[in-house]
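Scroll down for the structure; my scribbles are underneath it.
The values are calculated or read from the model by the stated rules, or taken from the named source; none is laboratory data. The shown structure was predicted, so the numbers you read here are calculated from the model rather than taken from an experiment. Cβ placement follows ideal geometry from the backbone for every residue including glycine, while neighbour counts extend to all protein chains displayed. All accessible areas refer to the heavy atoms of the entire protein, side chains included, with ligands and DNA or RNA removed. Shrake-Rupley method; radii C 1.70, N 1.55, O 1.52, S 1.80 Å.
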Amino acid sequence: MGTAHARRGNTRQRIQDVALDLFAQQGYEKTSLREIAERLEVTKAALYYHFKTKEDIVISLFEDLARPCDELIAWAGDRPRTLETKQEVLRRYSEALRDAAPLFRFMQENQATVRDLSIGESFKARMLTMIGLLKEPDAELKDQARCVTALVSMHAGMFAMGNVEGDPEEKRAAILEVALELVTAANTAAAPQD
């Protein structure tokens with residue numbers, strides 16, 4: 001709850017939120033910077049101070065999600081490849097995704113735009129790195145599938161659970177629990193027995 005209030009006070013983040021909202025309502029292509037400025041009740045010049053184009057807004061949203069991902073990848077790279085590390089990767093990623101549901105919805109609905117802006121490739125590369133942190137290359141295929149599914153379920157869960165009644169935090173916790181179960185099953189089966 002505190003995050004939403006903090007975001008409202010930050011002009012850059014308010015622009016991002018309003019832009020995503022308009023993109024969702026009427027589509028990326030049909031939304032203009034002027035409409036975004038009008039919705040925010042600011043001049044186009046004030047909007048230009050933060051973003052010159054719609055593309056700049058979308059790229060900034062990806063960069064905001066990429067930053068915690070990159071920090072997480074760096075953190076995990078310095079840790080032993082234990083089940084505990086992998087579980088912590090999922091917990092931290094769940095936190096990073098807390099406010100990213102609108103961005104994932106945008107990605108889903110505007111796949112061509114995402115590809116054209118080349119942010120799709122860098123996002124895909126990060127996801128492959130994240131999957132690499134969770135799975136062992138020599139693990140059985142079904143355990144590799146569990147690790148891939150754990151990460152994908154965190155993204156898909158944000159869409160699917162949006163239509164399920166309940167508190168957003170409880171839904172996020174439920175998605176995380178399922179992802180943790182998958183990674184735990186994959187890494188417990190693969191762990192050598194003493």
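Give all pairs with beta carbons closer than 8 Å in which a residue from region 59-71 that is under 17 Å from SER94 (Cβ atoms) meets a residue that is open to solvent by 40 Å² or more (accessible area, probe 1.4 Å); count only pairs at least 6 apart in sequence or on separate chains.
Close Cβ pairs satisfying both conditions: ALA66/SER122; ALA66/ARG126; PRO68/ARG92; PRO68/GLU95; CYS69/ARG126; ASP70/ARG126.
Please verify whether GLY162 is on the phi > 0 side of the Ramachandran plot and of a type outside the set (Lys, Arg), treating the condition exactly as stated.
The answer is no for GLY162.
Looking at (1) assigned to a helix (DSSP H, G or I); (2) under 25 Å from ASP64 (Cα atoms); (3) touching a residue at least 12 places away in the same chain (Cβ under 8 Å), find the lone condition where VAL183 falls short.
(2)
Taking the condition surrounded by fewer than 12 Cβ atoms within 10 Å (Cβ to Cβ) and either in a helix (DSSP H, G or I) or over 12 Å from the mean Cα position of the chain (by Cα) (or both), does GLU170 pass? So that I can check it myself, show each step before the final result.
Working: surrounded by fewer than 12 Cβ atoms within 10 Å (Cβ to Cβ): yes; either in a helix (DSSP H, G or I) or over 12 Å from the mean Cα position of the chain (by Cα) (or both): yes.
In short, yes.
When the residues of region 148-165 are narrowed to those that are farther than 14 Å from SER94 by Cβ and among the hydrophobic types (A, V, I, L, M, F, W, C), which ends up surrounded by the most Cβ atoms within 10 Å (Cβ to Cβ)?
Once the filter is applied, the top-ranked residue is VAL148.
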